[in-house]
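Computed from the coordinates by the stated procedures, all read-outs in this text should not be read as laboratory data. Here the structure is a predicted model, which means the values were calculated and not measured. Here the Cβ positions follow ideal geometry from the backbone for every residue, glycine too, while neighbour counts run over all protein chains shown.
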Amino acid sequence: MNEGDHMSQKNIESNPFVDVSVFLFFEDISDKQGVEGFTNYMVGQAESLAKSVPSEEYETWDDFASAVASGESVFSSFENIEQISKFGFVTKNCPFSKAIREYIKRIGNFNPVHMEATDHYNHTIQPSAAHSACMMHQTYRKEVAKRIKVGGKPLQYAQIGAKAHTGQIALPPESWKKVLLDKAGISETQGFMEMRENSCLYLLYVDE
């Protein structure tokens, strides 16, 4: 790569125009298709993205967990993931955080349609999103998991907690939360502490 290519790549990566325009594009869809159209489009885009990544197979759980933590798995293509227990994982910084900061810096508070779509997602798909970006991110994780096998078995994914840029945390119903935390092998106290330090807490496992 020559110096011109390097500078071009750097400019693209740091271009707030792209970050802000994506959110405004989703808002434009909501103007034309309503909140349901907004939600369906974000979910559909995440599904399409997930289907474009290569499938993976790992012999053991430790092989998979190591690949995720080192960023070598398609599951961690867009985020830095840390394993906190055998089946418990966290993402410290949401990969959408930069775009969210750029939007707020240049546009101001998010258009209310983002939370309207988030509420629609939580009531019709699963109660796990803290912001509209979560709809895309969590859908991507769910669909990518279907492309990964560990010991010949498909990877399973379940969201436990998600934190918005406002600090608001989305959690599943109490009965679900206990089951998911137990499966992850972490206590509710640890789960609470993890959500103070990280943007996402989730469960990855294979059926035994």
**Message:** Per 0.36 nm of contour for each residue apart, how much would the distance between Lys98 and Glu47 grow if the chain were fully extended, relative to their Cα-Cα spacing?
**Reply:** 16.1 nm
**Request:** Just subtract the alpha-carbon distance of Ile84 and Asp182 from 0.36 nm times their residue separation and send over the number in nm, one decimal.
**Result:** 33.9 nm
**Label-point gap, in nm, between Ser175 and Asp207 - each point 7 angstrom along Cα→Cβ** = 2.1
**Complete:** In whole percents, the bins of 5 Å from zero upward hold the Cα-Cα pairs of the range 139-208 as 3, 15, 25, 22, 19, 11, 4, 1, 0
**Prompt:** With no solvent and one point on each alpha carbon, what is the Debye value of log10 I(q)/I(0) for the range 80-142 at q = 0.21, 0.28, 0.29 Å⁻¹?
**Reply:** -0.95, -1.20, -1.22
**Prompt:** Once both labels are modelled 7 Å past Cα along the beta-carbon direction, what's the Lys149-Ala69 spacing in nm?
**Reply:** 2.6
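Between exposed trypsin sites (Lys or Arg not before Pro) in the chain, where DSSP calls loop and at most 15 other Cβ atoms lie within 10 Å, what's the longest gap?
Values: sites that count: Lys86, Lys92, Lys146.
Longest gap between qualifying sites, sites excluded: 1-85.
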**Request:** Report relative contact order for the range 3-205 in percent, whole number only (criteria: Cα-Cα under 8 Å, sequence separation at least 6).
**Result:** 25
**Asked** Once amide H atoms are built 1.01 Å from N in the peptide plane, which residues 5 or more positions from Lys146, or in another chain, come under 5 Å H to H?
**Response** none
**Message:** Using a Cα-Cα cut-off of under 12 Å, which aspartates and glutamates could be cross-linked to Lys177, ignoring same-chain neighbours fewer than 8 residues away?
**Reply:** Glu188
**Request:** May I ask you to evaluate 6.51 cos²θ - 1.76 cosθ + 1.60, the Karplus curve with θ = phi - 60°, for each residue of the range 21-37 and list the ³J(HN,Hα) values in order in whole Hz, giving x for glycine and proline?
**Result:** 4, 4, 5, 5, 5, 5, 5, 5, 4, 5, 4, 8, 10, x, 4, 5, x
**Request:** Write down the Å³ per residue value for the convex hull defined by the alpha carbon atoms of the chain.
**Result:** 135
**Asked** Once you charge only the Cβ atoms, +1 for Lys and Arg and -1 for Asp and Glu, what is the size of the charge dipole of the range 3-205 about its Cα centre, to the nearest 20 debye?
**Response** 320
**Complete:** Per-residue ellipticity at 222 nm attributable to helices in the chain (runs of n ≥ 4 DSSP H, -39500 (n - 2.57) apiece, nearest 500 deg cm²/dmol) works out to -17500 deg cm²/dmol
